[in-house]
Amino acid sequence: MKDRLIDLGYTAGWSLVRALPLPVARSLFRTGADRAWKANGPGVQRLRGNLQRVAGADMPETLVRDALRSYARYWMEAFRLTSQSREQFLDGFRMEPEWHDQIKKAVADGTGVVLALPHVANWDAAGAWVTGQDLPLITVAERLKPESVYKKFLAYREKLGMRILPLTGGDQPVLDVLAEHLRKGWVVALLGDRDLSRRGIEVEFFGGRTRMPAGPAILAIRTGAPLYAVDMWYDETRVQARMRRVVPPTDGPLDERVKRTTQLLADAYAAGIAEHPQDWHMLQKLWL
């Protein structure tokens, strides 16, 4: 019954929310975020603790409220994204032309590019922006429960033009498939600030220890594809983004190079999150 209710909730989101006028949808989700903030449930408490790592113990409580509003905005936009046109994808996302040119060059040169990003702003909008410019993009999705919800997210992202690999249960190792696509000039986009495998690389992050996935570093080192950490944040009308180049070291054993590269990514994530902490959607346990 619980799985059925979860499935019905997501189905309603995709079918009903996108039918609402945009001002109504915004008001509805903002109200929901504010109610969640006042209710102060376990997820909100976890978010508060995570943000205190970023902004300090004396951070204003309004930062938690604003972060929940940003998270609600992500879901509101996600439910409406597949009803948008290509022009709306491009208008709703902005990246400085110099970074945009770097992505296009990597695809044109056939080297591919690895874009690693934390859970900030709207990563689905970023993917739609890439595919909206006829650039091939592949990413990885966690197998959600129930399976019906996972399939809905799979169909949702495929409709936006992305190719999706399951994190587990695929026919080939995920990193092998991603490396093959990089060598064909694809964009590989990966969420990289939370380890789901329990085998991640231990890094320092905002003064504490956590684990982050090794995939972005391994792919960049194995294939030679350029590696970027991506910052994203919301303004009033769109998602803003910029990239930070991360250059893997070339000396030392492979495992050490992977560790050092993952730490460089963590440092780059931290720089972006510190500038826009309200748009970091981390409601799960992160630090060890």
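The label point for Glu180 and the one for Asp34, both projected 7 Å from the Cα toward the Cβ, are 5.1 nm apart.
Within the listed set Arg86, Arg260, Arg199, the Gaussian network model of the chain (springs between alpha-carbon atoms below 10 Å) gives the highest mean-square fluctuation for Arg199. The label-point distance for Glu98 and Arg199, in a model that sets each label 7 Å from Cα toward Cβ, rounds to 3.9 nm. Between Arg26 and Trp287, the FRET efficiency estimated from the beta carbon spacing at R0 = 30 angstrom works out to 0.35. Expressed to the nearest 5 percent, the antiparallel share of DSSP beta bridges inside segment 2-279 is 40 percent. Each principal axis of the Cα cloud of segment 201-287 was evaluated for its coordinate range; sorted largest first, these ranges are 45, 27, 16 Å. Stokes-Einstein diffusion for segment 5-116 at 4 °C, viscosity 1.567 mPa s, with a Kirkwood radius from C-alpha pairs, works out to 76 µm²/s.
Gain on full extension, evaluated as 0.36 nm per residue between Thr250 and Glu142 minus their Cα-Cα distance, stands at 35.8 nm.
In plain terms, if you count all Cα to Cα distances in the chain and split them into 10 Å steps from zero, the share in each step is 6, 27, 37, 24, 5, 0 percent.
Rounded to the nearest 500, the 222 nm mean residue ellipticity of the chain from helices alone is -16500 deg cm²/dmol, with -39,500 (n - 2.57) taken per DSSP H run of at least 4 residues. Pairs of lysine residues in the chain that meet both criteria, 8 or more places apart or on different chains and Cα atoms under 19 Å apart, total 7.
Computed from the coordinates by the stated procedures, all read-outs in this text should not be read as laboratory data. These numbers were taken from a predicted model, which means no experiment stands behind them. Every residue, glycine among them, receives a Cβ derived from its backbone with ideal geometry; neighbour counts consider all protein chains shown.
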